[in-house]
1. Using the Karplus equation 6.51 cos²θ - 1.76 cosθ + 1.60 (θ = phi - 60°), what ³J(HN,Hα) coupling, rounded to whole Hz, does each residue of the range 349-361 give in order, writing x for Gly and Pro?
2. Give me the 1.4 Å probe accessible area per residue for the chain, excluding ligands and nucleic acids, in Å².
3. Along the Cα-to-C-beta direction of ASP357, a point sits 7 Å from the Cα; which residues of the range 309-349 have their amide N less than 11 Å from that point?
4. Starting from 0 in steps of 10 Å, tell me what percent of the Cα-Cα pairs of the range 417-501 lands in each bin.
5. Full extension from ALA285 to GLU758: what is 0.36 nm times the residue separation minus their Cα-Cα distance, to one decimal in nm?
6. Compare the Cα positions of SER553, ASN680, THR380 along the charge dipole of the chain (+1 at Cβ of Lys, Arg; -1 at Cβ of Asp, Glu; about the Cα centre) and return the one farthest towards the positive end.
7. I want to check the label-to-label distance for ALA724 and VAL712. Put each point 7 Å from Cα in the C-beta direction and report it in nm to one decimal.
8. For the range 326-430, give the magnitude of the charge dipole about the Cα centre (Cβ charges: +1 Lys/Arg, -1 Asp/Glu; no others), in debye to the nearest 20.
Amino acid sequence: MVRRLLPALVCLLLAQPLFAQAPAAGRVTGRIADETGGVLPGVTVELRGPGMPVVTAITGADGQYVFENVKPGTYQLAVALINFATVNHPNLQVQAGATVTANEVMHLTLNAEVVVVGKRTFTNLADAEDPAENLVGIATAASQGAITARQLEVRPFMRNGEVLETVPGVIITQHSGEGKANQYFLRGFNLDHGSDFATTVAGTPVNMPTHAHSQGYSDINFLIPELVAGVQYSKGPYFADQGDFATAGAGNINYATVLDRPIAHVEGGTYGYGRVLAAASPKLAGGNLLAAFETSTNAGPWTIPDSYKKYNGVLRFSKGDNLNGFSLTAMGYHGDWNATEASPQRAVDEGLIGRFDSLDPTDGGHTYRWSIGGEWQHSTGNTLNKIQAYGLGYDLDLISNFTFFLDDPEHGDQQEQVDHRFVSGVKAFQKRQTRWGGHDVQNTFGFQFRNDNIGEVALYHTEARERLDTRSLASALVTSLGGYAENQIAWAPWLRTSAGVRVDGSRYDVTSLSDPRNSGTTNAGIVSPKGTVTLGPWKSTEFYLNAGTGFHSNSALGTTLRFDADGNAVDPVTPLVRAKGAEVGVRTVAVPHLQSTISLWTLRLGSELVYNGDVGATEPGPASKRYGLEVANYYSPLKWLVFDGDVSFSRARFTEGADAGMYVPEAVGAVVSGGASVDNFHRTFGAIRLRYFGPRALVEDNSVRSEPTTLVNLQGGYQLLKAARLNVDVFNAFDAKVSDIDYYFASRLPGEPLDGVEDIHFHPAVPRTIRVSLIVGF
């Protein structure tokens, strides 16, 4: 009997704890959404506890997940999805018989790829309810960031290109007519018109290789600020998906695919400024059709009015969400203007001209740009695929006179630069999340193709816009192909690494019509390894170590050049110039609603693109090195109040040749930007902005320096009705008599020595300017 009952008794005793556990178990459930409130399906949710294997759940179409029969205790909840920062909930308490609800909001990473974009798609980490939970994976460098639509809406912009001035350390200015591309400064660079800063708008590249005026010419006058959903930026050559020109940095300007409501914007101001914008995004065929049209005119304070007339339009159809979708975008822009170039200081000091006068009243230009682009993105939770394709037509006819009567005492030195091209390209990549040996891994593979068919790139000698002779005339076919791979591994909760490599090849086919000896074909290739180590977070703080190589290209015309304009034999330039960079940085959200970043960086270039005032363009120069410090802060103590402040210091020197150890002319040393903004406080809006553009060496031995430029801008607004807002912007509020930019080179005025006179040439900042606008939503 005992033998028969003993097994049954043992089973009963063993079973009692199991049955007892069922009613004591808890339950964990929740909903995962993005910043806009949209649910996120396919999210991987992991529940980790001491002495137990990791348990995984996947969110359904409603964004919901659930863990059943969870023992009482303390757990860690980790939420992961490609394109989003990992959310960590470190102290999740589960009690016996209770259901714990853990709803989480995921934030897009600072380099997220998104096709369907709203004005609230991007948020600053400091505005999150619990920013520390979203710090992991939000970025791979301290100098990486995203400017949100909210930040842009409460900042005054005198020029559309100043949208990029929201990037910490960037200066946007102008040395000619307003229709010409802006002048850019960043990290010890005078970037001229974009030579070492890669820019894209709505998925379409802006920089132009082998441009008639300057290598990497980046004209964003076609930008419509009201459509911008966010500006993603990075600095340094550490990112495998970035190729040509992305040495000092890169900016990706995202256009919204849907607006909160249709808008009509009417604006007028001093110096003949006027602007009208209409935009709407109605539902169409299960998606949204964004349509916007803008026209503006601006005379400026110049004696010869700029008379800048602009016509600009966007048509964009999109369908989908943050995870899956597609868009088709058409953009068209036309601009026509007069120009007042930089004036020699001596001419103003001697009373020959005033600060806003012109020595050549016939300078100016006209341009157009039209483009068609498509983007498709598909995500399955662990995999993200994206394909982009674009085609654009571009034309520029630029009339300038930089040296007046130095080269031709009789007819003057006016020149016409012509660039006419068609550009086509494709970009595609795949990101895949997996696990290797128990570690979370993300692998990325991608390729990029671009072809610039330049029908005419020319330089003519002109007088009063009439051609006198041809100095250079060519056509070129510039083809580039790049592929990259990147591996990211989370070795531990406090240690993550990224290793990548990029391979680029270019082909240049040049037909020189002005000198057939300079025709030819050149091929070049370059391999660029990159790596990142991320440590933390500890106390809501992450640390970053970045290193990598990149490149910028030189003009195709220089790669086949054998004889200069005087017939002298010359050596061709290196097609692809190596850049090497490294950075140490920190990002912290330890103080509630304050995000701060600090970066200590260095960058070396195999050849410097320097400005030549004699021809008004960039030319290859000696090798150089730079290093610097950047500090950026964003603080939002209240929902309606934001403070921000950025400080950048840098040092730039040549490292080779006769100029070794000498200053790089025009390299910016100090930049300070800061302000405060009020967003809808009792129906009022406002902002005050300060921008300090530090002094710069204008020649290699630092014997001639520019003066600093400090400007203060103001904005005030009032919500008249629910759908109507009145804004007043005041630029250069204290009417500072400073320069937008300064150069030092030789020029000649009538009666001066034939060799000319070395002098500072300056373009004055626009005096105090007031603009009033009415924005109506429907």
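The values are calculated or read from the model by the stated rules, or taken from the named source; none is laboratory data. Not measured: the values here are computed from a predicted model. Quick reminder, even Gly has a Cβ in these numbers, built from the backbone with ideal geometry, and neighbours come from all protein chains shown. Only protein heavy atoms, including side chains, enter the accessible area calculation; ligands, DNA and RNA are left aside. Shrake-Rupley method; radii C 1.70, N 1.55, O 1.52, S 1.80 Å.
1. Coupling constants for the range 349-361: 4, 7, x, 5, 9, x, 4, 10, 8, 10, 7, 9, x Hz.
2. Numbers: 30220 Å² over 778 residues.
Ligands and nucleic acids excluded, the result is 39 Å² per residue.
3. 347-349
4. Taking all Cα pairs of the range 417-501, the binned fractions are 14, 25, 17, 15, 13, 10, 4, 0 percent.
5. Values: separation 473, 0.36 × 473 = 170.28 nm, distance 6.36 nm.
Net length gain for the segment: 163.9 nm.
6. THR380
7. 3.3 nm
8. So the magnitude is around 1120 debye.
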